[in-house]
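Quick notes on the structure that follows.
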Amino acid sequence: MSSSNIAKLLLLAAIWGTSFMLMRIAAPVFGPMLTTFGRASLATLSLLAFARVRGVSLQWRQNWLPYLVIGVFNTALPFALFAWSALHIPSSYMATMNSLAPVFTAMFGFLLMGERLSLLRGAAFVLGLVGVAVLVGIGPAPADFLVIAGVLAAMGAAVSYGFAATFTRIRAGGISPIAMATGSQFAAALCLLPLAAPSVPHALEAGTVPALLAVLVLGVVCTGIAYALFFQLIAAEGATKAITVTFLVPMTASLWAWLLLDEPVTLGTVAGIAIVLVATATALRAKPAASVKPPQAKATV
């Protein structure tokens, strides 16, 4: 990877690492759904401007269904789950669950595309669960009901990302990544609007400047600008190298939260993150075994 692209990778990791801390600031004030709606709406505006500058056609009529599905499962649902979990668990926990997305992508490759689970991919799944257990069991947050629920919600977000990635491979591979990001963010914002509207009166009464700035940065920087950076990395270095940002985000998230929110980083935190990242690396490195379905079955999913 060139030095300029390494710099972009590190910048992307730093940006995405702040998103979990920012949700910890915004969600208690605005609520999970309004926080998520604000993030998706601001990201839509940013990406629409980016797509216009790049001359990318969104082809709404042709691509509305992939935009809707990816919008729900790659934005609306996981962002909302992370925003809710931000009420109950530290940033490092959320970032670590986020890193499990490639592991669940491998699981959906088995369920939806007929890819056999190789021994390494099966081991990655088990190791990921072990890492989560270590993080919850000996991490800094007490393992009470709400903490466990928050971890499960964040893990559910990673499951949703895994499904979205697999659906993209099956049904949306021919759509420009910039168009997919823009269209899916718009679809997510539309889906979130009726769920976020009831929180508006409370937000107008209880809103604070730090929470408002947190949502602004979440939408414009952590989603809009970050997606643009990620697409540039994919175009320049390929998806395999670009996805290595996954390994940096838990560390940057923990660092930001430690510096700005005074969240502790303990031996349990480090051990849990390390085990999950080994599981993620294993899932990314392992190749699927031979398909159990004929190739034409993929097109029918």
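Things to note:
- Net lengthening on full extension, Val126/Ala235 (0.36 nm per residue, minus Cα-Cα): 36.0 nm
- Apportionment of accessible area to carbon and sulfur, the chain, percent (1.4 Å): 73 percent
- Its residues counted as N, region 50-196 yields a C-alpha radius of gyration over 2.2 N^0.38 Å of 1.16.
- For region 1-148, the solvent-accessible area with a 1.4 angstrom probe is 42 square angstrom per residue.
- Area accessible to solvent at His202, 1.4 Å probe radius, in Å²: 100 Å²
- Simple point charges give the picture: +1 on the Cβ of Lys and Arg, -1 on the Cβ of Asp and Glu, and for the chain a dipole about the Cα centre of about 1080 debye.
- Extent of region 158-241 along its three principal axes (Cα atoms, max minus min coordinate, largest first): 46, 24, 22 Å.
- Per-residue ellipticity at 222 nm from helix content only, as computed over the chain with -39500 (n - 2.57) for each DSSP H run of at least four residues, stands at -24500 deg cm²/dmol.
- Diffusion constant of region 44-137 at 20 °C, which comes from Stokes-Einstein with the Kirkwood Cα-pair radius and 1.002 mPa s, µm²/s: 132 µm²/s
- Shape of region 26-76, Cα gyration tensor, a/c cut at 1.5: oblate
- Ordered by solvent-accessible area of protein heavy atoms (1.4 Å probe), largest first, the residues Glu115, Glu237 come out as Glu237, Glu115.
- Applying the Kirkwood pairwise sum to the alpha-carbon positions of region 206-256 produces a hydrodynamic radius of 12.6 angstrom.
- Cα-based equivalent ellipsoid, the chain: semi-axes from gyration tensor eigenvalues, Å: 27, 25, 18
- Stokes-Einstein D in µm²/s, Kirkwood radius over Cα pairs - region 79-123 at 25 °C with 0.890 mPa s viscosity: 203 µm²/s
- Distances between every pair of Cα atoms in region 126-202, grouped in 10 Å steps from 0 to the bin holding the largest one, split as 15, 29, 27, 27, 3 percent.
- Per residue, region 149-291 exposes an accessible area of 46 Å² to a 1.4 Å probe, with every protein chain left in place.
- Rounded to 0.05, the FRET efficiency of the Ala149 and Ala271 pair, given R0 = 22 Å and the Cβ-Cβ distance, is 0.50.
- Stretch gain in nm, segment Leu213-Leu45, where the contour uses 0.36 nm per residue and the Cα spacing is subtracted: 58.8 nm
- Segment Leu119-Arg52, length gained on full extension (0.36 nm per residue, minus Cα span): 19.6 nm
The values are calculated or read from the model by the stated rules, or taken from the named source; none is laboratory data. Treat the numbers as computed from the prediction; the structure is a model and nothing was measured. Reconstructed Cβ throughout: ideal geometry from the backbone, glycine too, with neighbour counts over all protein chains shown. We work out accessible area using only protein heavy atoms, side chains counted, and drop any ligands, DNA or RNA first. Shrake-Rupley method; radii C 1.70, N 1.55, O 1.52, S 1.80 Å.
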